Amino acid sequence: MRSATLFGYQLALDAGVVLREQRLKSRLGMLVKLVDDRGEGWGEIAPLPQFSVETPELAQMQAAKWLERWCAGEQPPDSPLPSVAFGISCALAELEGQLPAEGCWQSATLCSGDPDALFERLQNQSAPLAKMKVGLYEAVRDGMQVNLLLEALPDLTLRLDANRSWTLEKALQFARYISNELRGRIAFIEEPCRTVAESMAFARQTGIAIAWDESLRDDATLLSAQQGVRAVVIKPTLTGSIQKVQQQVAAAQRLGLTPVISSALESSLGLTQLARLAQQLTPGTVPGLDTLSLMQKQLLRHWPGSTLPLSGKEELQCLWQQ
Ligand SMILES: O=C(O)CCC(=O)C1=CC=C[C@@H](O)[C@@H]1C(=O)O
Ligand SMILES: [Mg+2]
């Protein structure tokens with residue numbers, strides 16, 4: 001006998017979470033629970049505003065349709081909506097015992113605001129790796145800050161993310177403030193420029209490696225070996241089923257690119273599953289999952305070492321059940 005439930009959740013976010021131009025005050029998402037004679041499996045379906053193509057309403061409708069067919073004994077195909085396909089594939093993988101229990105709990109330390117706060121967190125790490133947003137303020141200021149941080153912490157490696165905010169000229173201005181000998185410690189900068197061509201020109205002209213994030217989802221043919229491109233950021237909630245993620249990871253590895261599994265601001269339930277997936281698919285690469293600290297609570301599952309309070313099923317609203 002199969003049964004399934006779709007729950008809704010709402011989690012408050014820190015005041016400083018800005019996605020593209022929009023401030024996001026809370027994260028809305030869904031959790032799915034599948035039950036059969038093997039036990040239960042959970043997954044998270046949480047389209048990210050401004051990044052996901054699907055609306056939460058459409059995701060809910062499609063998820064309920066998929067669940068109805070599954071409860072009737074069918075094996076429905078993956079939903080074409082990435083967040084729905086991802087969440088359901090996680091729940092199925094848990095049911096089938098295919099997601100390892102152990103996760104990669106290490107993450108690139110995320111800094112979206114105050115570099116002094118980042119400095120303090122990194123000082124105590126042995127081989128610090130951080131991810132810093134750039135492009136929100138003046139390019140010159142970003143360049144000076146990155147240079148300063150790399151100088152102050154000689155073991156630090158940085159991942160940067162400009163979310164396509166610069167013209168080539170601005171991006172070059174940023175790079176001018178970074179000493180040549182420090183550039184190698186920038187593992188990559190995600191999406192420096194407004195266009196793919198400008199980003200590639202930036203990599204060629206500065207010797208700073210770049211990574212695709214949103215561009216890869218716009219155009220899958222970008223998954224190819226190109227000069228200056230080092231990594232691809234894979235956000236499963238925006239990509240699709242575990243199987244699709246697995247295919248992208250394998251394709252990137254064949255091309256010598258580093259696939260980095262990354263968060264789309266999931267709750268701790270989804271984040272712990274992403275850490276388990278990273279452990280399975282990209283062992284040896286630190287994932288980009290340090291987003292739990294943007295929330296005030298964990299949901300159902302505990303991220304090892306997090307001191308945020310854990311909320312239980314009382315936080316969930318039942319949206320659909322069979
Ligand atoms: O990649 C990481 O280390 C953390 C996740 C992260 O930076 C992002 C998640 C979701 C939306 C964006 O604001 C941002 C990104 O653009 O990569
Ligand atoms: Mg990015």
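The values are calculated or read from the model by the stated rules, or taken from the named source; none is laboratory data. Keep in mind it's a predicted model, so treat the numbers as computed, not measured. Here the Cβ is made from the backbone with ideal geometry for all residues, glycine too, and neighbour counts use every protein chain on show.
Only one of these is in contact (Cβ under 8 Å) with a residue 24 or more places away in the chain, surrounded by 16 or more Cβ atoms within 10 Å (Cβ to Cβ), among the hydrophobic types (A, V, I, L, M, F, W, C) and away from ligand 2 (no atom under 15 Å from the Cβ): L289, L299, L265. Name it. Exactly one residue qualifies, and that residue is L299. Residues in the range 1-46 that are among the charged types (D, E, K, R) and over 19 Å from L310 (Cα atoms): R2, R20, E21, R23, K25, D36, D37, R38, E40.
Whenever a residue of the range 65-79 is on the phi > 0 side of the Ramachandran plot and at pLDDT 95 or above, its partners that are of a type outside the set (S, T, Y) and not in a helix (DSSP H, G or I), lying with C-beta atoms within less than 9 angstrom and at least six residues away or across chains, give the pairs G73/R2. Here the condition is being touching an Asp or Glu at 6+ places or on another chain (Cβ under 6 Å), on the phi < 0 side of the Ramachandran plot and modelled with pLDDT of 95 or more; of E266, E191, it holds for E266 alone. For the range 163-195, filtered to residues that are of a type in the set (A, V, I, L, M, F, W, C) and either in a helix (DSSP H, G or I) or not assigned by the TED database to the domain that holds V260 (or both), the residue that is farthest from E151 (Cα to Cα) is L168. Taken over the range 218-230, residues that are within 16 Å of ligand 2 (Cβ to nearest atom), outside any loop (DSSP other than H, G, I, E, B) and surrounded by fewer than 21 Cβ atoms within 10 Å (Cβ to Cβ) amount to 3. Among the conditions (1) closer than 28 Å to Q106 by Cβ; (2) touching a Lys or Arg at 6+ places or on another chain (Cβ under 7 Å); (3) small (G, A, S), the only one that A139 does not satisfy is (1). Of the residues making up the range 151-174, those that are surrounded by fewer than 21 Cβ atoms within 10 Å (Cβ to Cβ) and more than 21 Å from S215 (Cα to Cα) are E151, A152, L153, P154, D155, T157, Q173. When the range 232-247 is filtered for residues that are within 12 Å of ligand 1 (Cβ to nearest atom) and either modelled with pLDDT under 95 or in a loop (DSSP other than H, G, I, E, B) (or both), only K235 remains. Residues in the range 205-214 that are of a type in the set (S, T, N, Q) and surrounded by fewer than 21 Cβ atoms within 10 Å (Cβ to Cβ): how many? Going through the range 205-214 one residue at a time, the tally reaches 1.
Restricting the range 150-161 to residues that are touching a Lys or Arg at 6+ places or on another chain (Cβ under 8 Å) and not charged (D, E, K, R) leaves a set whose member that is farthest from T109 (Cα to Cα) is L150.
Taken over the range 110-166, the criterion of being away from ligand 1 (no atom under 13 Å from the Cβ), touching a strand residue (DSSP E or B) at 6+ places or on another chain (Cβ under 7 Å), without any contact (Cβ under 8 Å) to a residue 24 or more places away in the chain and under 29 Å from M200 (Cβ atoms) is satisfied by no residue.
All of Q60, Q50, Q22 fail the test of being of a type in the set (S, T, N, Q) and at positive phi, apart from Q50.
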